[in-house]
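Have a look at the structure below, then the notes.
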Amino acid sequence: MFNKLIASILPYMPQRLVWIFSKRYIAGQTLTEAIKIAEKLNREGNVTTIDLLGEFITELSQAKKNRDEYIEIIEEVEKSDVVGNYSLKPTMFGLLIDKDVCYQYIRDIVIKAVEYNNFVRIDMEDSKCVDLEIELFRKLKKEFPENVGLVLQAYLHRTISDIENMMDMHSDDNPVNYRLCKGIYVESEKIAYKKYEEINNHFLEDLEYMFKNGVYPGIATHDSKLVEGAYKLIEKYKVPKDKFEFQMLYGVTPGLRKSILEKGYKMRIYTPFGKQWFAYSTRRLKENPKMAQEIMKALFVRG
């Protein structure tokens, strides 16, 4: 109850106070700041995926602006020493307004990434977006087979079927590439697993299917139990280190991240930045009220 109360009042708190908490998980408000943090993460042995914050726009004029900004981001990042790729949310480009316009704008971004032989990850959003985002991924994968990937959420009942149904895009020479995460959006129990053990079991079920079938997974978790489960599957199927990677959010579980790196595994850090940090922070808190405890520590202990 306390956590939900804090989550409900956070949007009305001064942004400078919320930033005390948020800056631990957001790589700055400008691209210059994000590049510096990405380079630091690289020096620590990580690769990155840079993400401009923003989603669920209401007008297509915003979509064009976001497209143009992403193209500028790629051009600037490629001038730097950053080793990493890019992530984006389709609702930022009007997915729920005009899916064809959204596709064209994201295609423009992928074309720019291809110029540098780089890669764009299509983030998965809430349940109303899943079919549209799989359709988008299919179209882009067909044209740019080595330069696009997708995110899948293990807590959705449908995910294992989605993986199976998309195997027609997979080949040994050009495997499909997924980031597998638990899932953060609030969904009905009719379509999503709710219990911790259920979600973990299905995460590992999805991951095992990927390993068995040669899919390239980004194992995106901060849960030590899932990391240990992944280790066991890697050993069971003798998966080479270049056939998967681990992924984490910037600022989360640095100790666990370090331990994975020390085992010689590839680690990619999701590195979000931008002026939409406040909306991102408050939205994530509403989706996960337990984070309120960390905010209280940040505001009244660290602050």
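The values are calculated or read from the model by the stated rules, or taken from the named source; none is laboratory data. What you see is a predicted model, and the numbers here were worked out from it, not measured in a lab. Cβ coordinates were reconstructed from backbone atoms using ideal geometry, including for glycine residues, and neighbour counts include every protein chain displayed.
Restricting to region 238-255, and then to whatever is under 22 Å from Glu205 (Cα atoms) and either surrounded by 13 or more Cβ atoms within 10 Å (Cβ to Cβ) or at pLDDT below 95 (or both), can you tell me which residue is farthest from the chain's Cα centre (by Cα)? Checking each candidate, the answer is Val239.
For region 262-272, the candidate set comprises residues that are among the hydroxyl-bearing types (Ser, Thr, Tyr) and part of a strand (DSSP E or B); within that set, the residue that is nearest to Arg24 (Cα to Cα) is Thr271.
Here region 95-118 is the region considered, the condition is being assigned to a loop (DSSP other than H, G, I, E, B) and in contact with an Asp or Glu (Cβ under 8 Å, 6 or more places away or on another chain), and the residue that is surrounded by the most Cβ atoms within 10 Å (Cβ to Cβ) is Leu95.
Looking at Ile122, Ile134, can you tell me which residue is assigned by TED's automatic domain parsing to the domain that holds Leu96, aliphatic (A, V, I, L, M) and over 15 Å from the mean Cα position of the chain (by Cα)? Even if it seems obvious, please write down each step before you answer.
On the way: Ile122 fails: over 15 Å from the mean Cα position of the chain (by Cα).
Testing whether each residue is assigned by TED's automatic domain parsing to the domain that holds Leu96, aliphatic (A, V, I, L, M) and over 15 Å from the mean Cα position of the chain (by Cα) leaves just Ile134.
Ile26 meets each of the listed conditions (1) closer than 21 Å to Glu125 by Cβ; (2) β-branched (Val, Ile, Thr); (3) at pLDDT 95 or above apart from (3). Taking the criterion of being surrounded by 15 or more Cβ atoms within 10 Å (Cβ to Cβ) and charged (D, E, K, R), the only residue of region 211-227 that qualifies is Asp223.
Under the condition of being assigned to a loop (DSSP other than H, G, I, E, B) and of a type in the set (S, T, N, Q), which residue from region 47-84 is surrounded by the most Cβ atoms within 10 Å (Cβ to Cβ)?
If we take residues in region 47-84 being assigned to a loop (DSSP other than H, G, I, E, B) and of a type in the set (S, T, N, Q), then Ser80 is surrounded by the most Cβ atoms within 10 Å (Cβ to Cβ).
Kindly establish whether Asn165 is assigned by TED's automatic domain parsing to the domain that holds Pro217 and out of contact with any Pro (no Cβ under 7 Å at 6 or more places or on another chain). First the steps, then the outcome.
Working: assigned by TED's automatic domain parsing to the domain that holds Pro217: yes; out of contact with any Pro (no Cβ under 7 Å at 6 or more places or on another chain): yes.
The answer is yes for Asn165.
Among the residues of region 85-94, those that are touching a strand residue (DSSP E or B) at 6+ places or on another chain (Cβ under 9 Å), surrounded by 22 or more Cβ atoms within 10 Å (Cβ to Cβ) and not hydroxyl-bearing (Ser, Thr, Tyr) comprise Leu88, Lys89, Pro90, Met92. The set of residues from region 19-46 being assigned to a helix (DSSP H, G or I), surrounded by fewer than 16 Cβ atoms within 10 Å (Cβ to Cβ) and among the β-branched types (Val, Ile, Thr) comprises Ile20, Thr32. Looking across region 70-85, the residues that are closer than 11 Å to Lys112 by Cα and not hydrophobic (A, V, I, L, M, F, W, C) come down to Tyr70, Glu72, Glu75, Glu78.
Answer with yes or no whether Ile163 is surrounded by fewer than 18 Cβ atoms within 10 Å (Cβ to Cβ), within 20 Å of Arg121 (Cβ to Cβ) and of a type in the set (Val, Ile, Thr). Walk me through it before giving the result.
Values: surrounded by fewer than 18 Cβ atoms within 10 Å (Cβ to Cβ): no; within 20 Å of Arg121 (Cβ to Cβ): yes; of a type in the set (Val, Ile, Thr): yes.
Taking the combined requirement at face value, the residue does not satisfy it.
So which residues in region 227-261 are in a helix (DSSP H, G or I) and closer than 15 Å to Met210 by Cα?
Gly229, Ala230, Tyr231, Lys232, Leu233, Ile234, Glu235, Lys236, Lys241, Asp242, Lys243
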